[in-house]
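Encoded as structure tokens, the structure appears first; notes follow it.
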Amino acid sequence: MLPSPAVADGEVVGIGADLEPGTLLAAYRAGLFPMPLRRGGDVAWWSPEPRGVIPLDALRVARSLRRSCRHFEIRVDTAFETVMRACADPRRPAGWIDEPFVAAYTRLHDLGWAHSVEAWTRGASGRDELAGGLYGVAIGALFAGESMFHRRTDASKVALVALVEGLLGGGGALLDVQWCTPHLESLGAVEIPRVDYLEQLAAAVDRPQLTAFDW
């Protein structure tokens, strides 16, 4: 049984356990997510204090980003594993996603719980190319964002804009981004106390399942 973050002293509230679908879903419902302390190390279960979230009505979309949105085609769940492997590229700074994580979340995707939002563009060869995207886990009205990547300027941001628009129209209530990095803060992410996050989470996961990914 996973420990409760409500009584945890630090951000890491447990070490070990598996990445089976039931374990992962129970963790997200409890306010936890898995990430090893080092690439290839034991699975650690995290609950940041404070927690980063993006209020759905407070996404910051600069004029230049709005223009960029016109240059990409958004697709949902057409290349989940490809998106995740791009996020897992070991050349990325602080990359930690390894094969067990790819396998675990791809299985969650196959079961309908994990989703990708993808930004596509037409390449020089005339073929469609994946320019950026993000993936995460949806439970009830929660979308727990896990990672994002880009190969073209603004592509991951465009995917995030599409995600938020989908959540607003598809029953979303809570967009979890784990930590409030400067990059995410520029897009509207804020920090909230863990106790507030857990309260919002409990309400979100008890709501009907998102329809944001039925595109």
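The values are calculated or read from the model by the stated rules, or taken from the named source; none is laboratory data. The shown structure was predicted, so the numbers you read here are calculated from the model rather than taken from an experiment. Using ideal geometry, Cβ is built from the backbone for each residue, glycine included, and neighbour counts are taken over all protein chains shown.
Quick check, is H115 part of a strand (DSSP E or B), closer than 14 Å to F213 by Cα and not hydrophobic (A, V, I, L, M, F, W, C)? So H115 fits the description; yes. Take the residues in region 171-215 that are touching a Leu at 6+ places or on another chain (Cβ under 8 Å) and among the β-branched types (V, I, T); name whichever of them is nearest to A138 (Cα to Cα). Looking at residues that are touching a Leu at 6+ places or on another chain (Cβ under 8 Å) and among the β-branched types (V, I, T), I get V205.
Search region 115-149 for residues being modelled with pLDDT under 95 and of a type outside the set (S, T, N, Q), and hand back the single one that is nearest to R29 (Cα to Cα). Filtering first and then ranking leaves D128. Take the residues of region 1-21 that are outside any loop (DSSP other than H, G, I, E, B) and closer than 21 Å to D98 by Cβ: which is modelled with the highest pLDDT? Here the answer is P21.
Among residues of region 168-196 that are of a type in the set (S, T, Y), none has a beta-carbon under 6 Å from a residue that is modelled with pLDDT under 95 and surrounded by fewer than 16 Cβ atoms within 10 Å (Cβ to Cβ) at least six positions away or on a different chain.
In the set G145, G126, only one residue is part of a strand (DSSP E or B) and either out of contact with any Gly (no Cβ under 8 Å at 6 or more places or on another chain) or of a type outside the set (D, E) (or both); that residue is G145. Of the residues making up region 38-56, those that are closer than 12 Å to V190 by Cβ, of a type outside the set (A, V, I, L, M, F, W, C) and part of a loop (DSSP other than H, G, I, E, B) are P50, P55. Looking across region 178-194 at every residue that is touching a strand residue (DSSP E or B) at 6+ places or on another chain (Cβ under 6 Å) and within 17 Å of L65 (Cβ to Cβ), the one that is surrounded by the fewest Cβ atoms within 10 Å (Cβ to Cβ) is identified as L184.
Is it the case that A88 is surrounded by 15 or more Cβ atoms within 10 Å (Cβ to Cβ) and within 27 Å of L210 (Cα to Cα)?
Details: surrounded by 15 or more Cβ atoms within 10 Å (Cβ to Cβ): yes; within 27 Å of L210 (Cα to Cα): yes.
Judged against the criteria, A88 is a match.
Out of the residues in region 3-29 that are among the aliphatic types (A, V, I, L, M) and over 16 Å from L108 (Cβ atoms), state the one that is surrounded by the fewest Cβ atoms within 10 Å (Cβ to Cβ). It would help to see each step written out before you state the result.
The first filter runs over region 3-29 and keeps only residues among the aliphatic types (A, V, I, L, M), leaving 6-8, 12-13, 15, 17, 19, 24-27.
Subset that is over 16 Å from L108 (Cβ atoms): 6-8, 12-13, 15.
Working: A6: 12, V7: 7, A8: 18, V12: 15, V13: 21, I15: 13.
Of everything passing the filter in region 3-29, V7 is surrounded by the fewest Cβ atoms within 10 Å (Cβ to Cβ).
Is it true that some residue in region 2-9 is without any contact (Cβ under 8 Å) to a residue 40 or more places away in the chain and of a type in the set (S, T, Y)? The answer is yes, given that some residue of region 2-9 is without any contact (Cβ under 8 Å) to a residue 40 or more places away in the chain and of a type in the set (S, T, Y). Scanning region 164-177 turns up no residue that is modelled with pLDDT under 95, surrounded by fewer than 18 Cβ atoms within 10 Å (Cβ to Cβ) and over 23 Å from E73 (Cα atoms). Counting only residues that are more than 15 Å from the chain's Cα centre (by Cα), farther than 12 Å from L130 by Cα and touching a residue at least 40 places away in the same chain (Cβ under 8 Å), region 75-94 holds 3 of them. Against the list (1) within 23 Å of R107 (Cα to Cα); (2) surrounded by 24 or more Cβ atoms within 10 Å (Cβ to Cβ), the condition A131 fails is (1).
Would you check which residues across region 22-37 are closer than 22 Å to L175 by Cα and in a loop (DSSP other than H, G, I, E, B) and list them?
So the first thing to find is which residues in region 22-37 are closer than 22 Å to L175 by Cα, and the list is 22-35.
Passing the criteria: G31, L32.
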